[in-house]
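Enquirer: Just dropping this structure here.
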Amino acid sequence: KQEVTQIPAALSVPEGENLVLNCSFTDSAIYNLQWFRQDPGKGLTSLLLIQSSQREQTSGRLNASLDKSSGRSTLYIAASQPGDSATYLCAVKVTNAGKSTFGDGTTLTVKP
Amino acid sequence: DVKVTQSSRYLVKRTGEKVFLECVQDMDHENMFWYRQDPGLGLRLIYFSYDVKMKEKGDIPEGYSVSREKKERFSLILESASTNQTSMYLCASSPGTLNTGELFFGEGSRLTVL
């Protein structure tokens, strides 16, 4: 059974810092890995999707990497801003039509 | 822009009431999902559907049922609401086979059962 772990559970940084969020999974036979952002009381917003054949994806200040062999993904946020404060979740899908397994998320606070 | 719409953002119901949560997507996606999210328990899958009139149990289907009569609409039904079903409910959709499998979520429905 796939298990997804995100460490740390919470992270607080000063504005302007570069930071890395971690996601690890137990079964390397994945179809894709997706990073989401969730603001309090809201739904999940997709940030980046990495297919199993890819090593990384970039969008603006965000870069996500995938290392299937070690069961790890990282989300790199450059030059963090207070508006980046949110909970970040990763999700792993084993087959295209299958269900996703989610980590519990990392709650990020960026202090002005 | 892709869109998953959940009809009610906030609902307050009484114990024993029948509750319908509606979800509509405009992306012609085959797959649709219902999750609930609770502090300390993360996202848990209730039911999902691969196609019209198809449904599969997720990890916590007890106390819930679903309906998918049209491709764009996936309804979650609480036949007799109980206080332990107070939660945030999230609907999601994704395209079918030979696609990226990217998940798209709605804004969520916060249900309180008194």
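Enquirer: Go over the candidates B:Gly96, B:Gly63 one by one and state the one that is touching a strand residue (DSSP E or B) at 6+ places or on another chain (Cβ under 8 Å) and on the phi < 0 side of the Ramachandran plot.
Expert: Just a single option satisfies the conditions, and that option is B:Gly96.
Enquirer: Kindly state which strands (runs of 3 or more DSSP E) lie completely within region B:1-103 and contain at least 2 residues that are without any contact (Cβ under 8 Å) to a residue 40 or more places away in the chain.
Expert: B:42-49, B:65-70
Enquirer: For region A:96-112, give me each residue that is out of contact with any Gly (no Cβ under 8 Å at 6 or more places or on another chain) and within 14 Å of chain B (Cβ to nearest Cβ).
Expert: Residues satisfying the conditions are A:Gly98, A:Ser100, A:Thr101, A:Thr106, A:Thr107.
Enquirer: Now for a different question. Answer with yes or no whether B:Leu11 is more than 14 Å from the chain's Cα centre (by Cα), on the phi < 0 side of the Ramachandran plot and open to solvent by less than 60 Å² (accessible area, probe 1.4 Å).
Expert: Values: more than 14 Å from the chain's Cα centre (by Cα): yes; on the phi < 0 side of the Ramachandran plot: yes; open to solvent by less than 60 Å² (accessible area, probe 1.4 Å): yes.
Answer is yes for this residue.
Enquirer: Starting from residues that are within 12 Å of chain A (Cβ to nearest Cβ) and farther than 21 Å from B:Glu107 by Cβ, keep the ones in region B:25-59 and report whichever is most open to solvent (accessible area, probe 1.4 Å).
Expert: That would be B:Lys57.
Enquirer: Please state which one of A:Gln2, A:Gln34 is under 15 Å from the mean Cα position of the chain (by Cα), polar (S, T, N, Q) and open to solvent by less than 30 Å² (accessible area, probe 1.4 Å).
Expert: Step by step, each of A:Gln2, A:Gln34 is checked, and only A:Gln34 is under 15 Å from the mean Cα position of the chain (by Cα), polar (S, T, N, Q) and open to solvent by less than 30 Å² (accessible area, probe 1.4 Å).
Enquirer: Output the number of residues of region B:103-114 satisfying the condition of being within 8 Å of chain A (Cβ to nearest Cβ) and crowded, with 19+ Cβ neighbours inside 10 Å.
Expert: Here the count works out to 5.
Enquirer: Condition first: open to solvent by 10 Å² or more (accessible area, probe 1.4 Å), of a type outside the set (Val, Ile, Thr) and over 16 Å from A:Ser46 (Cβ atoms). Now tell me which residues in region A:102-112 satisfy that.
Expert: First, pick out the residues of region A:102-112 that are open to solvent by 10 Å² or more (accessible area, probe 1.4 Å): A:102, A:104, A:107, A:109, A:111-112.
In the following step, the residues that additionally are of a type outside the set (Val, Ile, Thr) were identified as A:102, A:104, A:111-112.
Selection gives A:Asp104, A:Lys111, A:Pro112.
Enquirer: Residues of region B:60-102 being within 19 Å of A:Pro40 (Cα to Cα) and within 14 Å of chain A (Cβ to nearest Cβ), which ones?
Expert: Correct list: B:Ser87, B:Met88, B:Tyr89, B:Leu90, B:Cys91, B:Ala92.
Here is a yes/no grid of residues against (1) open to solvent by less than 40 Å² (accessible area, probe 1.4 Å); (2) farther than 22 Å from B:Phe105 by Cα; (3) within 14 Å of chain B (Cβ to nearest Cβ):
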| site | (1), (2), (3) |
| --- | --- |
| A:Ala10 | no, yes, yes |
| A:Leu21 | yes, no, no |
| A:Ser24 | no, yes, no |
| A:Asp27 | no, yes, no |
| A:Pro40 | no, no, yes |
| A:Leu44 | yes, no, yes |
| A:Glu56 | no, yes, no |
| A:Leu62 | yes, no, no |
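Enquirer: Is there a residue being open to solvent by 20 Å² or more (accessible area, probe 1.4 Å) and within 29 Å of B:Thr100 (Cα to Cα) anywhere in region B:15-22? I'd like the intermediate steps shown before the answer.
Expert: So the first thing to find is which residues in region B:15-22 are open to solvent by 20 Å² or more (accessible area, probe 1.4 Å), and the list is B:15-18, B:20, B:22.
So of that shortlist, the ones also within 29 Å of B:Thr100 (Cα to Cα) come out as B:22.
Yes, region B:15-22 contains at least one residue that is open to solvent by 20 Å² or more (accessible area, probe 1.4 Å) and within 29 Å of B:Thr100 (Cα to Cα).
Enquirer: Also: What do you reckon, is A:Lys99 farther than 17 Å from A:Ile7 by Cα, open to solvent by 50 Å² or more (accessible area, probe 1.4 Å) and free of Cβ contacts under 8 Å to residues at least 40 places away in the same chain?
Expert: yes
Enquirer: Suppose we filter A:Leu89, A:Leu66 for residues that are facing another protein chain (nearest Cβ under 10 Å), open to solvent by less than 10 Å² (accessible area, probe 1.4 Å), touching a Lys or Arg at 6+ places or on another chain (Cβ under 9 Å) and not in a loop (DSSP other than H, G, I, E, B); which single one remains?
Expert: Among A:Leu89, A:Leu66, only A:Leu89 is facing another protein chain (nearest Cβ under 10 Å), open to solvent by less than 10 Å² (accessible area, probe 1.4 Å), touching a Lys or Arg at 6+ places or on another chain (Cβ under 9 Å) and not in a loop (DSSP other than H, G, I, E, B).
The values are calculated or read from the model by the stated rules, or taken from the named source; none is laboratory data. Since we're looking at a predicted model, the values are computed, not measured. So basically every Cβ, Gly included, is an ideal-geometry build from the backbone, and we count neighbours across all protein chains shown. Protein only, heavy atoms only, side chains kept; ligands, DNA and RNA dropped before computing areas. Shrake-Rupley method; radii C 1.70, N 1.55, O 1.52, S 1.80 Å.
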